[in-house]
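Just below is one structure, and these are the notes that go with it.
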Amino acid sequence: MDTKNTSPSTPGKLKPEKYHPPYNIHRIRLSKLTIYSSIFLALIIFFFILSPPSPSPSSLKTHNSWGGPAWEKRVTKSARRTSASSLTVLVTGASGFVGTHVSLALKRRGDGVIGLDNFNRYYDPNLKRARQKVLSRAGVFVVEGDINDANLLHKLFDVVPFTHVMHLAAQAGVRYAMQNPNSYIHSNIAGFVTLLEASKSANPQPAIVYASSSSVYGLNSKVPFSEKDRTDQPASLYAATKKAGEEIAHAYNHIYCLSVTGLRFFTVYGPWGRPDMAYFFFTKDILKGKHITVFESPDGGSVARDFTYIDDIVKGCLGALDTAKKSTGFGVDGKKKGNAQYRIFNLGNTSPVPVTELVDILEKLLNVKVKRKVMPMPRNGDVKFTHANISRAQKELGYMPTTDLESGLKKFVRWYLDFYSPLKNKSVW
Ligand SMILES: O=C(O)[C@H]1O[C@H](OP(=O)(O)OP(=O)(O)OC[C@H]2O[C@@H](n3ccc(=O)[nH]c3=O)[C@H](O)[C@@H]2O)[C@H](O)[C@@H](O)[C@H]1O
């Protein structure tokens, strides 16, 4: 049959005759197709297996390992304190920004310190590992594990009679909550409850000092923000989970007589900081010659933050630990022995600075002309300004910040240039 003339010159005009290829040709075509698609599929599987896992927002989990005699020995050694009046502190989030600084400060003055961190991939784990090395050199062992791991927490409380818990592990960042809301529930709510549960049944019961946030003030417009102001209008899920943490802490204080102290941190910055924060990634982008985006408020006004230097925050944390009273718990009869301490403090700088001014300071310190794009603040959880009233912390903790933004950023920039220097000069601490 001549198949050449079966195609119509005009579509629809001539119905083409169906072409029936000989049986063996059809089979050859089919099997060729099967072979090609099998090869294609095999290649996909091969490359999938070879490719490294990407840090997707939902995969912040890490492999944790703990337990065994050698592990217990390290825990006990790290928890050793220099005098009977020193504290024994479990620091959660110890390889985080604030956690590292607080752990070192405690260790330096003779307290026993055990760190706990899950080293998740919310931001560069190499930075967390570098902090862990600094801690290790100072004699602080950071246990690799999650605050949601109740067995691990019970084990730690069995091995060490902690007097205090400094709870800093959290899912931080205001804007990231729009990408990965569940990580906030997992760490800031479920993880906190797991920790409180373990603390409540520990013997002795530790006093808990935990990180809250300036973001709980949300849409509050009364300045400066006082602990007495309303905190029921969060602007982000992050803020809502931090506020929930405060309420949960209150319930554990009320029911189980755990001593709890919440610290509302105001935009903490400094050496070894968090790469997801604006001052950090502005520095990175400015040095690369990239544009940075500076938000302004929807009415065209500047956005401002009460930026607080890390050393001041550390003093506030130590003040809170030192003034924390013991948890009162239950008596042997199962009755409350008395109300336990419940406190909340602002730890800010009391000196808000517009973000545009922060950029001016960085421009001067880095000696690079900044390419800035100004745009209205997106509705992403950010608030227009923060400003702390610190009189309560001043009175009860002896808290008094002493570092202005320019001096603090100078120290940050020095650390940044050193840490990320290609020569890797590690005189960064
Ligand atoms: O006090 C807190 O409790 C919180 O502090 C921190 O949040 P924030 O105060 O929002 O800090 P950060 O992100 O550095 O943005 C700083 C400023 O830069 C502006 N900003 C930000 C990004 C950008 O691209 N452009 C910009 O102008 C932005 O609008 C803002 O005005 C912690 O991250 C958070 O975990 C929590 O601890």
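When the range 354-377 is filtered for residues that are in contact (Cβ under 8 Å) with a residue 60 or more places away in the chain and farther than 21 Å from Val303 by Cα, the ones remaining, listed by number, are Leu366, Val368. If you go through the range 167-188 and keep only what is surrounded by 18 or more Cβ atoms within 10 Å (Cβ to Cβ) and part of a helix (DSSP H, G or I), you end up with Tyr176, Ala177, Ser183, Tyr184, His186, Ser187, Asn188.
Across the range 383-412, the number of residues qualifying as in a helix (DSSP H, G or I) and buried (at least 19 other Cβ atoms within 10 Å of the Cβ) comes to 6. Checking each residue in the range 226-260 for being touching a helix residue (DSSP H, G or I) at 6+ places or on another chain (Cβ under 7 Å), in a loop (DSSP other than H, G, I, E, B) and under 15 Å from Leu195 (Cα atoms) picks out only Leu258. Condition check: away from the ligand (no atom under 11 Å from the Cβ), under 30 Å from Tyr420 (Cα atoms), hydrophobic (A, V, I, L, M, F, W, C) and loosely packed, with under 15 Cβ neighbours inside 10 Å. Does Val368 satisfy that? Against the criterion (away from the ligand (no atom under 11 Å from the Cβ), under 30 Å from Tyr420 (Cα atoms), hydrophobic (A, V, I, L, M, F, W, C) and loosely packed, with under 15 Cβ neighbours inside 10 Å), Val368 qualifies.
Here Asn188 does not qualify as within 14 Å of the ligand (Cβ to nearest atom), in contact with an Asp or Glu (Cβ under 6 Å, 6 or more places away or on another chain) and in contact (Cβ under 8 Å) with a residue 12 or more places away in the chain.
Whether any residue in the range 356-364 is closer than 30 Å to Val91 by Cα and surrounded by 15 or more Cβ atoms within 10 Å (Cβ to Cβ) is what I want to check. Looking for residues that are closer than 30 Å to Val91 by Cα and surrounded by 15 or more Cβ atoms within 10 Å (Cβ to Cβ), one finds none in the range 356-364, hence no. Scanning the range 303-323 for residues that are out of contact with any Lys or Arg (no Cβ under 6 Å at 6 or more places or on another chain) and outside any helix (DSSP H, G or I) yields Ala304, Arg305, Asp306, Phe307, Thr308, Tyr309.
The sole residue among Asn380, Asn389 that is in contact (Cβ under 8 Å) with a residue 40 or more places away in the chain, within 22 Å of Asp229 (Cβ to Cβ) and not charged (D, E, K, R) is Asn389.
Val209 falls short on exactly one of the conditions (1) away from the ligand (no atom under 13 Å from the Cβ); (2) surrounded by fewer than 24 Cβ atoms within 10 Å (Cβ to Cβ); (3) closer than 23 Å to Leu321 by Cβ, and that condition is (2). Please go through the range 89-126 and give me each residue that is surrounded by fewer than 24 Cβ atoms within 10 Å (Cβ to Cβ) and either modelled with pLDDT under 95 or within 22 Å of Phe266 (Cβ to Cβ) (or both), ordered by number. Scanning the range 89-126 gives His101, Leu104, Ala105, Tyr122, Tyr123. Being touching a Ser or Thr at 6+ places or on another chain (Cβ under 6 Å), surrounded by fewer than 19 Cβ atoms within 10 Å (Cβ to Cβ) and not polar (S, T, N, Q) is the filter here; which residues of the range 327-355 pass it? Hits for the range 327-355 are Lys337, Gly338, Pro354.
Any residue that is away from the ligand (no atom under 16 Å from the Cβ) and farther than 26 Å from Lys243 by Cβ - is there at least one of those in the range 376-392? Checked against the condition, which is being away from the ligand (no atom under 16 Å from the Cβ) and farther than 26 Å from Lys243 by Cβ, the range 376-392 yields no hits at all. Using the structure shown, decide if Val223 is in a strand (DSSP E or B), β-branched (Val, Ile, Thr) and either at pLDDT 95 or above or more than 10 Å from the ligand (Cβ to nearest atom) (or both). No. Can you find a residue in the range 291-306 that is among the basic types (Lys, Arg) and surrounded by 15 or more Cβ atoms within 10 Å (Cβ to Cβ)? Scanning the range 291-306 turns up at least one residue that is among the basic types (Lys, Arg) and surrounded by 15 or more Cβ atoms within 10 Å (Cβ to Cβ). When Tyr309, Tyr279 are checked against the criterion of being within 10 Å of the ligand (Cβ to nearest atom), of a type in the set (Phe, Trp, Tyr) and in contact with a Phe, Trp or Tyr (Cβ under 7 Å, 6 or more places away or on another chain), a single residue qualifies: Tyr279.
The values are calculated or read from the model by the stated rules, or taken from the named source; none is laboratory data. Predicted model only: the values in this text are computed from it and were never measured. Positions of Cβ are generated from backbone atoms using ideal geometry, with glycine treated the same way; all protein chains shown enter the neighbour counts.
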